[in-house]
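Written out below as structure tokens is the structure these notes cover.
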Amino acid sequence: MTISSLTPGLCSQGAVWVEQTGPVGVLTLNRPQALNALSLDMIRDITAALSHWQACPNTGVVVLQAASRPGKAPAFCAGGDIRFFHQAALAGDPRLEDFFTEEYALNHLIHGYAKPLVALMDGICMGGGMGISQGAALRVVTSASKLAMPETHIGLFPDVGGGWFLARCPGALGEYLALTGHVLQGAEALAATLADVELPADALPHVATVLAEVSAPPGTAAFGEAALQAVRKLALPRAAALLDSHRAAIDHHFSQPDVAAIIASLKADGSEWAQKTVEVLSHRSPLMMAVSLEQVRRARQMSLADDLRMERDMVRHCFHLRPGAASETVEGIRALAVDKDHAPRWNPASLAEVTPEMVQAFFQSPWPAWAHPLRHLV
């Protein structure tokens, strides 16, 4: 069943499937050839389905999952459709503005969702995939999960509420994940508090069935508690995470006052891990590392709604401070996903050339408060 079957007048084009089994609403991302990357139509369909179920007294819990990829590694959602970003930015397509406004509104809806939402983050879950899962009542990973906010690799910043949820990771993990884009395996995601439970991969197809067997009345607190507990009973024991062995170093280095000080601190550390981290950072956009660090630290003192408004300002600047091909983000996407030469021409090319004025420009809202596209979020 597509969402057009659930809510007349909408068309999913097959990229989002909607089913209801008893009290369980199931949303399945169905764009496997693109690693389930989010399109504007998908964002609209997910929003419509969630809004419908939130008001439906017969729906007690929602499962968010992705279609399998037979013969290939799983992918929950690789993020937003960056090829669309590239094409739309160069063409001046107004749908680019709609994409981010509606995506961030969806992120906010999920964080405040009135019913339990269970996100099955099997396989790749990055960028926009994190945005639609981090607000879930239960965030499920598997041994195949790969969670990350790798936006500095494409001249962007960790958006979709990334400033808010990274800022709430323990210690300086948020800064570390924002700047490096480090990929978290299942146990690491638990250690970073970006996941709640790890399930065996072969248990995922049974989650909706287990939830459908909850006997409490849908919409009640008893149903919600029983539903989440039913999934938790399937969880594996918590395993040791490699990330734990680097926590003290991460907290020391990534709590430094700016990116230059972080890199200097890492260089002074003779460990193999520190030197590999320096190498990773050398390939990221110098400007967007500085912007991302400022973002996470500002977000630590913000509500989610205020963070999303800030990120909406920032993402507009990513495409308009230097429009078209001059955009740092357009260049980053070109190098990674269009020409695939993996040789972005960052501007500025070095951290030494990044000025405080360049960074602060991203935090000036292009809209008065009364006209902000996310002014209604609370």
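I want to check the label-to-label distance for A240 and K276. Put each point 7 Å from Cα in the C-beta direction and report it in nm to one decimal. Reported label-point gap for A240 and K276 is 1.6 nm.
Between Rg and the Kirkwood Rh of region 62-169, both from Cα atoms, what is the Rg to Rh ratio? Spell out each step's value before the answer.
Working: Rg = 14.3 Å, Rh = 14.6 Å.
For region 62-169, the value is 0.98.
Here's the list of aspartates and glutamates a cross-link from K146 could span, going by alpha-carbon distance under 14 Å and ignoring same-chain residues fewer than 8 apart: D122, E188, E198. Give the separation of the Cα centroids, region 148-163 to region 223-241, in Å. Comparing the Cα centres of region 148-163 and region 223-241, I get a distance of 29 Å.
The label point for S365 and the one for S143, both projected 7 Å from the Cα toward the Cβ, are 4.9 nm apart. Kirkwood hydrodynamic radius, computed over distinct alpha-carbon pairs, for region 15-129: how many Å, to one decimal? Taking every pair of different Cα atoms in region 15-129, averaging 1/r and inverting gives 14.7 Å.
Each of H342, A144, G129 was placed along the dipole of the chain (beta-carbon charges, centred on the mean Cα), and the one lying farthest toward the positive end is A144.
Could you work out the equivalent-ellipsoid semi-axes for region 255-378, taking the square root of 5 times each eigenvalue of the Cα gyration tensor, largest first, in whole Å? Each step should come with its number before you reach the end.
Numbers: eigenvalues 153, 80, 30 Å².
That gives 28, 20, 12 Å for the three semi-axes.
How big, on average over all directions, is the shadow cast by the Cα convex hull of region 173-217, in nm²?
Numbers: hull surface 18.6 nm².
Dividing the Cα hull surface by four gives the mean projection, 4.7 nm².
Per the helix-only calculation at 222 nm, which mean residue ellipticity applies to the chain, given -39500 (n - 2.57) for every DSSP H run of n ≥ 4 and division by its residues, nearest 500 deg cm²/dmol? Calculated at 222 nm, the ellipticity per residue is -12000 deg cm²/dmol.
With +1 on the Cβ of every Lys and Arg and -1 on the Cβ of every Asp and Glu, and nothing else charged, how large is the dipole of the chain about its Cα centre, in debye rounded to the nearest 20?
Details: 28 positive and 36 negative charges, 60 e Å.
I would put it at about 280 debye.
Across region 225-378, the mean sequence separation of Cα contacts (distance under 8 Å, 6 or more residues apart), normalised by length, yields a relative contact order of 21 percent.
All other residues with a Cβ under 13 Å from the Cβ of P200 taken together, and with Lys, Arg as +1 and Asp, Glu as -1, what is their net charge? It works out to a net charge of -2.
Mean Kyte-Doolittle hydropathy of 0.0 or higher plus an axial Cα length of 18 Å or more: which whole DSSP H helices in the chain meet both? Could the numbers behind the result be given before it?
Details: long enough: 40-55 (23 Å, 0.21); 95-111 (24 Å, -0.42); 286-299 (20 Å, 0.36); 304-320 (24 Å, -0.66).
Those that pass (Cα extent of 18 Å or more, hydropathy at least 0.0) are 40-55, 286-299.
Model label points for A326 and H372, set 7 angstrom from Cα along the Cα-to-Cβ axis, are 2.7 nm apart.
In the calculated pair-distance distribution of the chain, the portion above 25 angstrom amounts to 54 percent of the Cα-Cα pairs.
All of the numbers you see were taken from the coordinates with simple rules; none came from a lab. On a predicted model such as this, the values are computed, not experimentally measured, just so you know. For neighbour counting, all protein chains shown are included, and Cβ atoms are generated from backbone atoms with ideal geometry for every residue, glycine included.
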